[in-house]
Every structure is written in C-alpha cells, then in structure tokens.
C-alpha cells in the first residue's frame, strides 16, 4: 500500500529556467561558454527561486502538521537539493536519489532554442504528434521515465509503513511522469494536459501536488490515492488549490473502438 500522503514538489526557479525562457524569445545572452560547459545538474536557484522555495516550505508547514514527514526524498540535481534545504522542514533527513533527476533530454540538453530548431526540427515535429511517447535523440520519453524510474520509486514507497507521510522534491517532467502513473492517465489525456495553456494545468516552480488516501472531508481512508490537490504557494492564482477526486478510467470494448476511430487508418490491405 502507498503512504497515506505523498507530496511532490517541483524545484524553485533555476538558472536553466531563466536561460531557456530568454532563449525562446530570441535572447541567447545567458548561454555563455561557462553556462554551456556545465551539465544541467549543476544549475542553481535564482534569487526568485530561493524565495519560492522558502514560501513553499512555509505553506507546507502551515497546512500539513508543521511539515513533519516520515520520509524525505530529493533529486540529486543541485536545484532540487537547494530547494529542499530552503523548505527548512523539521527533523528532515533527505534521501538523495539519482532516479528522481530530471528527464534526460540527451543531445538536446543545454542548448539554445535556435540550435534545437536548426539541428532537430524534424524530431521536434514528432513531439507535437505524440508527446507521451516522443523521445529526444539519446534521451528519454515520458513513457520511458514512467516505465523505469517512476515505477522503481513507487516500489520503494510501497515498502514504507502505510501510515507514512512522504515529501519528494524533484522536477517538472518527473512530476508529470508521476502524475501520469499515479492517476493512470491515458497517453491522450497526458497530451491534452501537456498542450494546455491553462495555468491550472501547468506545473510551476515550487508547485506542490499532494496525493492522499484520506478523505479530506470525512477522514476515512482508502486503499489507494483518491484525492489530490495542486497548489502554487508563491502565486496561488496560478493553481486550483482545492481537493479533487481522482478519476481512474477503465475502458469498455466500445470505448476502445471509439478511441481508435479517432485516428484515420492509412493502410487497409
């Protein structure tokens, strides 16, 4: 059985976040030789990222038993480690896990937007066609991350006492992989959310996603996660901030036929 409560928290704004945002607007001034020589695991938090982390820590401590957790996990990337430290959770004993590191972007890692488009435009077109299964050259797809690293960590969580409360500090795309797995999303549902421009559908810096087996109204417990809430403590207007029931979908034969029919068959022979 999974822990009673599971908190997933994205790291605060990092050097990489700023450089990437500017690059998408045509400004590659932050992609200096020193920046390009570093692996993305070495990106630090910005001043804003530090404040986001502190704010998220305050929110967690205020809204969840003073921030007392029985297990603490953090990615081995510096921006996640720095975020976790700034939470200042009481009695924290962080377990550093390499399989919680960000999705591997392979040959596209630490590159300007212009260079990605110049070198990998055809590959990027395939991402628009199927974001769940798309894999960067020599990198990982979200499906890869789910099938290997996420399932590996879930097996670890299953070995904890069922009454445990767990916090994990990781990365945006890892959180999407956990969401896809824990909520049993179809590839189509993942693609829909991935393409959404609604702020409520995004995972912002220091976004907190809490899964619970305990009904927030009745306090009754379930055998699996039935409730979740998504909160962006530093900018509450960007998130829903309320408990939602998790809908686990099952498909009838008719449902499967309908899903398949959405794609035109190209070869009938």
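General observations
- Taken over the stretch 212-269, the residue count meeting the criterion of being out of contact with any helix residue (DSSP H, G or I) (no Cβ under 7 Å at 6 or more places or on another chain), outside any strand (DSSP E or B) and closer than 30 Å to residue 48 by Cα is 6.
- Flag: residue 138 does not match the condition of being in contact (Cβ under 8 Å) with a residue 60 or more places away in the chain and either within 21 Å of residue 228 (Cα to Cα) or out of contact with any strand residue (DSSP E or B) (no Cβ under 7 Å at 6 or more places or on another chain) (or both).
- Qualifying residue in the stretch 111-123 (condition: surrounded by 15 or more Cβ atoms within 10 Å (Cβ to Cβ) and assigned to a loop (DSSP other than H, G, I, E, B)): yes
- The single residue among 180, 191, 195 that is in contact (Cβ under 8 Å) with a residue 40 or more places away in the chain, loosely packed, with under 14 Cβ neighbours inside 10 Å and within 19 Å of the chain's Cα centre (by Cα) turns out to be 195.
- Residues of the stretch 16-73 classified as farther than 30 Å from residue 2 by Cα, within 23 Å of the chain's Cα centre (by Cα) and in a helix (DSSP H, G or I), total: 16
- Of the residues making up the stretch 87-96, not a single one is buried (at least 17 other Cβ atoms within 10 Å of the Cβ) and closer than 14 Å to residue 14 by Cβ.
- Residue within the stretch 212-233 that is under 12 Å from the mean Cα position of the chain (by Cα) and either touching a residue at least 40 places away in the same chain (Cβ under 8 Å) or loosely packed, with under 14 Cβ neighbours inside 10 Å (or both) present: no
- In the stretch 41-59, the residues that are surrounded by fewer than 19 Cβ atoms within 10 Å (Cβ to Cβ), in contact with a helix residue (DSSP H, G or I) (Cβ under 6 Å, 6 or more places away or on another chain) and more than 10 Å from residue 12 (Cα to Cα): 42
Here, each number is a calculation from the coordinates, and none is a lab measurement. Just so it is clear, the structure is predicted and the values come from calculations on it, not from any experiment. Glycine gets a Cβ as well: all are built from the backbone with ideal geometry, and neighbour counts include every protein chain shown.
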